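Trainee: Take a look at this one; I'll ask things after.
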Amino acid sequence: MTRIIAGKARGARLGVPPAGTRPTSDRVRESLFGALDSIDAFAGARVLDLYAGSGALGLESLSRGASSADLVEQGRPAAAVVRRNAALVAAAGDLPTARVHETSVRSFLQRASGPFDLVFSDPPYDLADEAMTADLTALAPLLSPDALVVIERARRSTPPELAAAGLELVREKTYGDTTLWWAEPSTPQPEAESQSR
């Protein structure tokens, strides 16, 4: 079991899929959400939780004031757990019910409209670097101008190819065996003056 840490649904107990997912540790979640709270990242935010697992990250965001949350989880047993958790959190905090998408991250991103303000990407450790870069590249056009993307990987993993995906690193922090990368959309570069002038 894991719990919602703070907000309107504080204390709500979330189910965890029996296999195939890797829940973010309590220590990492508490540090991450404390840092996000300090920059007022939740009020009215449109949240996207990719590779959602139990949905804890997106649901915690709803509890803390996000206006909506889309939770993407391909595994059928895990998606069923996410749906139950979404209903539980909505009832516990009188909150909007998160939308659960039982599909692959790539498929979701190819048809989603956005924009999203806060995105959590916690892919399986065995996801190939190329696949993660492709997912981040598909995500970039769906971000609001001030969006924040938080990527969670094993400390031993290759850092995400942010520049190739149209993102810029904001901060990087390691907690034991877990590293978090915070990124934002790259600042568009001014177009070079036409050579014909």
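Trainee: When every alpha-carbon pair in region 1-130 is counted, what percent end up more than 25 Å apart?
Mentor: For region 1-130, the share of Cα pairs beyond 25 Å comes to 16 percent.
Trainee: Relative contact order for the chain: what percent, with Cα pairs under 8 Å and sequence separation of 6 or more?
Mentor: 17 percent
Trainee: For region 73-197, what are Rg and Dmax over the alpha carbons, in angstrom?
Mentor: 17.2, 63
Trainee: Continuing with the same structure: Please give me, ordered by residue number, the chymotrypsin sites (Phe, Trp or Tyr not before Pro) of region 87-143 that lie in loop per DSSP and have at most 15 other Cβ atoms within 10 Å.
Mentor: Tyr125
Trainee: When the C-alpha atoms of region 14-88 are aligned to their principal axes, what extent does each axis show, in angstrom, from largest down?
Mentor: 34, 25, 19
Trainee: A further question follows. Which angle from 0 to 90°, rounded to the nearest 10, does the C-alpha axis of helix 129-139 make with the longest principal axis of the chain?
Mentor: 90 degrees
Trainee: Using only the Cα atoms of region 57-131, each taken as one equal point scatterer with no solvent, compute I(q) by the Debye sum, divide by I(0), and report log10 of the ratio at q = 0.18, 0.27, 0.28 Å⁻¹.
Mentor: For the requested q values the scattering log ratios are -0.77, -1.39, -1.42.
Trainee: Over the chain, what is the percentage of antiparallel beta bridges among all DSSP beta bridges, to the nearest 5?
Mentor: Taking every DSSP beta bridge with both residues in the chain, the antiparallel ones total about 50 percent.
Trainee: Calculated from DSSP H runs of 4 or more alone, at -39500 (n - 2.57) each and per residue, what is the 222 nm mean residue ellipticity of the chain, nearest 500?
Mentor: That comes out to -9000 deg cm²/dmol.
Trainee: Take the alpha carbon atoms of region 1-73, find their center, do the same for region 161-186, and report the distance between the two centers in whole angstrom.
Mentor: 19 Å
Just so you know, all these numbers are worked out from the coordinates, no wet-lab data involved. Computed from a prediction, not measured in an experiment: that's the story for all the values here. Here Cβ is always computed from backbone atoms with ideal geometry, including for glycine, and neighbour counts include all displayed protein chains.
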